[in-house]
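What follows is one structure encoded as structure tokens, with my remarks underneath.
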Amino acid sequence: MALPSPPGLTPLEIAFLCEMEMVTVVPRQRLEGLELLGGPTKPLHPPHRTSLPLWLALLLKRQRRANILPPPWFHPTALTSILDFERSNTDQFTPPPPLPPSPPGTATTSPPFLSSSTADAPDGALPYHWLELGEILLDAAPDDIVDPDAVRRLMRDLREVRMAKMRAGVAVLDGSGMVGLKGVGGMEVSEGRAFISGVVDGLRKIGASREQALREREAEEGDDAYEDIAENAGEMDL
Amino acid sequence: MTAITQQRLRGRPAHPPGQTYLTYTPDGKRLITAGSNNAIRIYTTGSDGEPINVDDCQELNTAVVATNDFFAAGSEDGTVCVYSLGTNMLDKVLVRCTLPVRDVALSPDGDWAAVASDELVVKVVNTRDMSRVLYLREQSKPVKHLAFHPSGSYLAVSCSDGLVYVYSLSTEDPQLVKKVDGLIRSLETDEEASSRIIWHPDGTALAAPTATRGTLYCGKYAAALIWASLDIQMISRVDWERQRAFASGHMGDITALAWSPNGALLASAGMDRKLLLWETKTQKIIARYEYPSIVSLVWHPTENILSFTNSDGELFIYTDFVPSEHLNLLKKPLQSAPFIHQTNVREPPVITADHLQRNVRARRGTPDSLDDILGPDMMQDDEDDFIVDDDGAGYAEGVNGHGKRSNEHLDAPGGLVYKRRAMNDSWRPRFHPSFQPGSTPWRGNRKYLCLNLIGCVWTVDQDTHNTITVEFYDREYHRDFHFTDPYLYDKACINDYGTLFSCPPLNGAPAMIFYRPHETWTSRADWRTKLPVGEDVTSISLSDSYVVVTTSTNYVRVFTLYGMPFRVYRQKSSPTVTCASWRDYVLTMGNGPVGGDGKTRLLYTIENIKRDEICQNEDIVALPEGGEVKSVFFSDNGDPCIYDSTGVLLILLHWRSPGQARWVPLLNTNLLDRLAGGRKEESYWPVAVAQDKFHCIILKGGEKYPYFPRPLLSEFDFRIPLSPEVVSLSEGTDEPSGTEATKLEESFVRNSVTLALLEDLIAATTATHFQRSDLVRKELEFDKILLQLLAIECREGEERGAKALEIVGQMRDRSGKMIEAAGKVANRYGRNLLEEKIRELGEKRLVGMDEE
């Protein structure tokens, strides 16, 4: 481990985490339930739908043993309406899917364990792993997707609109501003991290002399103001 | 087929040699020809005198169309000119193209002229206001022919790239409705062969010379394949499927074709010097004539006259063209287009013969009557009407013989469906028609014979035989198969062990049953059994152990899986409707006595074939008023289910004990969450009930049956309709406890139903260990729901104590643990009195005192 890796998760790692998402498959072949580390899977009986982790679904799809049912938000009409929302609301992202009202287990509140990409997920919201999941599905199971070309185009549009919004948010980062990241997906955070943290670092360098002056003054005045500055710095540290 | 009829007809030299075109005015009084010289000739029907010449026109005309007031001619110099029929003079230049005009078509009302030229764009110009132009731009190559639908709302465009483009013109912005591939040949625009589309006058189908592979012999041994337009293929407008063809008539490319005004006859001319007259219904040639190089042919709108022009510039007016023995065909009212399976055709509007004489009006003479002011086209109910009543909703009501609207739009007092027609003759009860669960009617030349969770069976009509394909969902467990079917099987069942087919009596051969096991340990032993003569199969069903057939003579015939006749008995309720079976149980349905709504009550009988016991005897299928059974099947646990036409799924509870059965609704598809927004227009086609889910196919856009490619199955959880539709859960996390309680109450009722079903099953069969543990698990779940309900009641307040105690009283648990837990819940909310009562109840239960 000689090379220092950049802070945060790399896109590959995020895609790997995304493969833990549950997706709905229609099996084409029988398969007994598997005792996996992540928990047992249900036995597969064609044509009954079952939820499986994405990695297993991709494996079965590649062997033509199953068809993946794309989640409802991955339909062209749903994506179009999400895109419309993104375009008409310049200051916020599409909100993430709502948490299920009463989670059956207590630990299932974080993205890979929420069933936000199964066939019964809500269709008006993008889940945390939308970008990477969409790319994987388009790559591995284009024949199961309704109008894959339109979906591919919409995904690209969505991504560009949202990236533009994130970059626009950087403009307010110089001082005490904040960027609302509600609804931003995992891959987008990873992509934006390098840019935003670079901007923030740059801003910090530019403001270094001012900070220095501030620190000196604070040393004179006492330590009251110190805490505020620390908080500011903490916020910027993405 | 008759021999060549020949009455040598003298051609009238109308124009110098060259392509010559002609048209009749819609009233049939005048015939207009246009050819290669700069004169257009107008002949008067019934007069042999010299035609009127219109001299101030272009040379090399390529198309001519006419209304009663004007006509338009297109020419190779790119202009389309309009001439008045009043003055016989040039009126105006309608449109100018940069390239030669190839075809002009006029909408039935004469308001729009579609112009095809060697440009890529088809222009549709308003004939009154030529600044209003619609452009049709989808085609990639120049257009050869154009044809307006009889309603004027569609335009079919034969493009030189070999595709037919059908545009809808009913909106301001023309929409491409359909690209029909493989119908016509790709022909250059100036070629003599034709790729003209002709709409059948009833508007449900179109026909065109189709690309057929003909064989041309060159030399002694070598044969070369050429593509030629020899046949005329019809296509349905509803689903764009290929229908009947007028085949093997011509030996050369077809150059012109036209329907008779009522659609009962078709005339076609080819490069083989033949002019053929076909009967539409049978696609047989009824007369052959020999005329070389016909370019264009038209029927007289009302009389038995066919006129045609050839490339020598000659005009032929063939009076009494249809031989007298077939004249009745021409006199018939508007005929419907022949479809392979008439089931997919809507009834054509009833038009009586005198409607063909459009000019004869019932009322005349009132000065300034509305009819005179509006002109003949406004009030007429003919197929030119803009509104086409395609769904029978009645917004384009028929006009009766007196020019008035009929009273058909009023409901007869008997019911919603029955019209006055039926009330005229003696009253008859309405029967439930028989059906085969899981099958669809013909659409085009395909239909599903059976569609369930195992797989599907579908058949394709190949005219002389069918081809049947059986596909499975489980590709590993079963192998798909496909066979040619000379018996025309029309019903099928499929399960894990085999496939069952039945065919109707055909050409004197009796009806037949065919069972084909998927695989056995010996060589595959499929068998066929013939039914007695005169008996037709109304429905079949296949279980793990028996084959059940209900017949038109009201017999229920039971065979074993090896073809042994096992039982035969007559069904008590008749006529039979359908049957279903599961293991040894058979459910048959039939029409019973007439109910209050004038319709027969549907009765069902369930019996155990093996033990020869009747479980339910002629019990009533609970249907709402006017409802029909869409499908009947057994769930995977062996409980009978029906899905009715109002979209409710019902299951039969306690059906093993006679007289105890009742229908419980499991799901009302009208109350599904996905329909809550009111945006979606969809219906559900039932497939099965399995693993406590309803499996169905979602049909969108008013479709009634699934079609190809096979749609995906969808599944819905049961939800017993107890309350108005549940508010969508995504609206907020802090949901009101009322909604939660409703949900819990629903799952309480649902679980009590499934528990009852499971208990019945375990009591009736030697239950497996799994089933017993499942029962225990379900009981536990049931009590948990009650605990949750109890918690809500406790939270609500002290005064709800009585209800809370009642909830505890519902608990199934005999060990007392659940009641103990209930006491703890009450304790947590500080309801001490309630806790005490619960403890008392628990103690009573333990000593067995609460049996009242």
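Computed values, structure above
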item: Residues of the stretch A:39-85 satisfying the condition of being among the charged types (D, E, K, R) and either touching a residue at least 24 places away in the same chain (Cβ under 8 Å) or in contact with a strand residue (DSSP E or B) (Cβ under 8 Å, 6 or more places away or on another chain) (or both); result: A:Lys42, A:Arg49, A:Lys61, A:Arg62, A:Arg64, A:Arg65
item: Out of B:Thr467, B:Thr499, sole residue that is away from chain A (no Cβ under 14 Å) and surrounded by fewer than 19 Cβ atoms within 10 Å (Cβ to Cβ); result: B:Thr467
item: Every residue from the stretch B:608-632 that is open to solvent by 20 Å² or more (accessible area, probe 1.4 Å) and either in contact with a Ser or Thr (Cβ under 9 Å, 6 or more places away or on another chain) or outside the structural domain of B:Asn554 (by TED's automatic domain parsing) (or both); result: B:Lys610, B:Ile614, B:Asn617, B:Glu618, B:Asp619, B:Leu623, B:Pro624, B:Gly626, B:Glu628, B:Lys630
item: Residue list for the stretch B:538-558, restricted to those being open to solvent by 10 Å² or more (accessible area, probe 1.4 Å), of a type outside the set (S, T, N, Q) and assigned to a strand (DSSP E or B); result: B:Leu542, B:Tyr546, B:Tyr555, B:Arg557
item: Given (1) within 14 Å of chain A (Cβ to nearest Cβ); (2) open to solvent by 60 Å² or more (accessible area, probe 1.4 Å), index of the condition B:Gly534 fails; result: (1)
item: Residue that is farthest from the other protein chains (Cβ to nearest Cβ), among those in the stretch B:448-461 that are open to solvent by less than 30 Å² (accessible area, probe 1.4 Å), outside any loop (DSSP other than H, G, I, E, B) and touching a residue at least 40 places away in the same chain (Cβ under 8 Å); result: B:Asp461
item: Index of the failed condition, B:Gly563 passing every other in (1) in a loop (DSSP other than H, G, I, E, B); (2) open to solvent by 10 Å² or more (accessible area, probe 1.4 Å); (3) at negative phi; result: (3)
item: Filter result (among the hydroxyl-bearing types (Ser, Thr, Tyr) and within 13 Å of chain A (Cβ to nearest Cβ)) within the stretch B:470-496; result: B:Tyr473, B:Tyr477
item: Members of the stretch B:140-167 that are of a type in the set (Gly, Ala, Ser) and touching a residue at least 24 places away in the same chain (Cβ under 8 Å); result: B:Ala147, B:Ser151, B:Gly152, B:Ser153, B:Ala156, B:Ser158, B:Ser160, B:Gly162
item: B:Arg524 open to solvent by 30 Å² or more (accessible area, probe 1.4 Å), under 22 Å from B:Ser543 (Cα atoms) and within 14 Å of chain A (Cβ to nearest Cβ); result: no
item: Flag if B:Gly638 is closer than 20 Å to B:Leu500 by Cβ and outside any strand (DSSP E or B); result: yes
item: Pair list, Cβ < 8 Å and 6+ apart or interchain, from the stretch B:106-129 residues that are free of Cβ contacts under 8 Å to residues at least 24 places away in the same chain to residues that are acidic (Asp, Glu); result: B:Asn126/B:Asp111; B:Arg128/B:Asp111
item: Subset of the stretch A:14-40 that is touching a helix residue (DSSP H, G or I) at 6+ places or on another chain (Cβ under 7 Å) and farther than 17 Å from B:Leu453 by Cα - its residue that is nearest to the other protein chains (Cβ to nearest Cβ); result: A:Val23
item: Whichever residue in the stretch B:673-718 is in a strand (DSSP E or B) and either touching a helix residue (DSSP H, G or I) at 6+ places or on another chain (Cβ under 6 Å) or away from every other protein chain (no Cβ under 14 Å) (or both) and, among such residues, is nearest to B:Pro640 (Cα to Cα); result: B:Pro686
item: Total residues in the stretch A:1-33, condition in a loop (DSSP other than H, G, I, E, B), in contact (Cβ under 8 Å) with a residue 12 or more places away in the chain and either within 15 Å of the chain's Cα centre (by Cα) or surrounded by 11 or more Cβ atoms within 10 Å (Cβ to Cβ) (or both); result: 10
item: Output for the stretch A:36-48, where each listed residue is open to solvent by 60 Å² or more (accessible area, probe 1.4 Å) and either modelled with pLDDT of 90 or more or part of a loop (DSSP other than H, G, I, E, B) (or both); result: A:Leu37, A:Gly38, A:Lys42, A:Pro43, A:His45
item: B:Tyr487 touching a residue at least 24 places away in the same chain (Cβ under 8 Å) and under 27 Å from A:Pro46 (Cα atoms); result: no
item: Selection status of A:Arg62, over 17 Å from A:Thr118 (Cβ atoms), within 14 Å of chain B (Cβ to nearest Cβ) and of a type in the set (Lys, Arg); result: no
item: Test result for B:Glu519, of a type in the set (Asp, Glu) and either more than 14 Å from every other protein chain (Cβ to nearest Cβ) or in contact (Cβ under 8 Å) with a residue 60 or more places away in the chain (or both); result: yes
item: Strands (runs of 3 or more DSSP E) contained entirely in the stretch B:116-172, each with at least 2 residues that are modelled with pLDDT of 85 or more and open to solvent by 30 Å² or more (accessible area, probe 1.4 Å); result: B:133-136
item: Residue check for A:Leu79: aliphatic (A, V, I, L, M), under 17 Å from A:His129 (Cα atoms), surrounded by fewer than 17 Cβ atoms within 10 Å (Cβ to Cβ) and away from chain B (no Cβ under 14 Å); result: no
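Residues checked against (1) modelled with pLDDT of 90 or more; (2) open to solvent by 20 Å² or more (accessible area, probe 1.4 Å):
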{"position": "A:Asp139", "(1), (2)": "yes, yes"}
{"position": "A:Lys165", "(1), (2)": "no, yes"}
{"position": "A:Val189", "(1), (2)": "no, yes"}
{"position": "A:Gly192", "(1), (2)": "no, no"}
{"position": "A:Val199", "(1), (2)": "no, yes"}
{"position": "A:Arg204", "(1), (2)": "no, yes"}
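The values are calculated or read from the model by the stated rules, or taken from the named source; none is laboratory data. What you are looking at is a predicted structure, and each value in this text was computed from that prediction instead of being measured. Here the Cβ is made from the backbone with ideal geometry for all residues, glycine too, and neighbour counts use every protein chain on show. The protein model used for the area step is the full one, side chains on, heavy atoms only, and it has no ligands, DNA or RNA in it. Shrake-Rupley method; radii C 1.70, N 1.55, O 1.52, S 1.80 Å.
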